[in-house]
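Below you'll find the structure, written out as structure tokens, and then a few comments.
The values are calculated or read from the model by the stated rules, or taken from the named source; none is laboratory data. Since we're looking at a predicted model, the values are computed, not measured. Because the Cβ atoms are built from the backbone with ideal geometry, glycine has one as well, and the counts that use them run over all protein chains shown.
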Amino acid sequence: MVRLSQRTFSKAMGDVTESVFPPNALGFVSEKLIHEHVSQDITKLLMTRQSALGPVFSSGQEIERAREQTWLFSPERTRQSVLDSPLATERRLEDDRLWIDYDMKILGARVEGDAFMIHLPGFQAVKAVIESVEIANGQYRWQGRVEDVSFPGRFSISQSFGDQYAVGSITTGQHEFLLEAKSGLGWITQSGNEFFLPPNGKDTIEDETEPLQNP
């Protein structure tokens, strides 16, 4: 079995530890296993979270502010900001996806057992409960269950703090929603808006990353 050696730095506890943990198939390791040496104090655990540029949080007060936020994101109402987003394409601007303001620290300040709210466009607001947090190469992944719906579902959201990038999926019954955000701005939409057959009927993936030209 391949095992992952990872050095973890705890600013709150002032120590450096090196441990060896078994990763899953994608290389993610349970944060709970990595930080067994951290007490049950949530602030101490969250202060160990690192980005490529350093700690995710600089103080306990910053963590508290992020944990006070109930909603994972809020609607973006400035069209110019959307046009400036690297995620904006002509097709994405024409469909019914919801463009959002996305603060990565809201999820970054949450651990197993914590909950937050997600607005699903064209559907309803749902409650998400975190069941696991995993880490791989500076990326964090939160997974858990979706409640407050007739058919409870699942969610999985990954964040790279160094790249200021987030991507995820939320499923409820027959509905699947995709989420993507970059540098604080992103979108959420039903999966059909991202995956569809073109006029030629061929199931292919095309690069749509060309920058959008502002009028």
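Values for this structure:
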| item | result |
| --- | --- |
| Any hit, segment 91-100, residues being out of contact with any helix residue (DSSP H, G or I) (no Cβ under 7 Å at 6 or more places or on another chain), aromatic (Phe, Trp, Tyr) and surrounded by 14 or more Cβ atoms within 10 Å (Cβ to Cβ) | no |
| Which listed residue is closer than 30 Å to Ser58 by Cβ, assigned to a strand (DSSP E or B) and of a type in the set (Gly, Ala, Ser), from Gly186, Gly162, Gly113 | Gly186 |
| Residue check, Asp101 assigned to a loop (DSSP other than H, G, I, E, B) and assigned by TED's automatic domain parsing to the domain that holds Thr172 | no |
| Residues of segment 119-140 classified as under 11 Å from Val29 (Cβ atoms), in contact with a helix residue (DSSP H, G or I) (Cβ under 9 Å, 6 or more places away or on another chain) and among the hydrophobic types (A, V, I, L, M, F, W, C), total | 2 |
| Qualifying residues in segment 149-189 (those that are touching a Pro at 6+ places or on another chain (Cβ under 9 Å), closer than 14 Å to Ala128 by Cβ and not aliphatic (A, V, I, L, M)) - the one surrounded by the fewest Cβ atoms within 10 Å (Cβ to Cβ) | Thr172 |
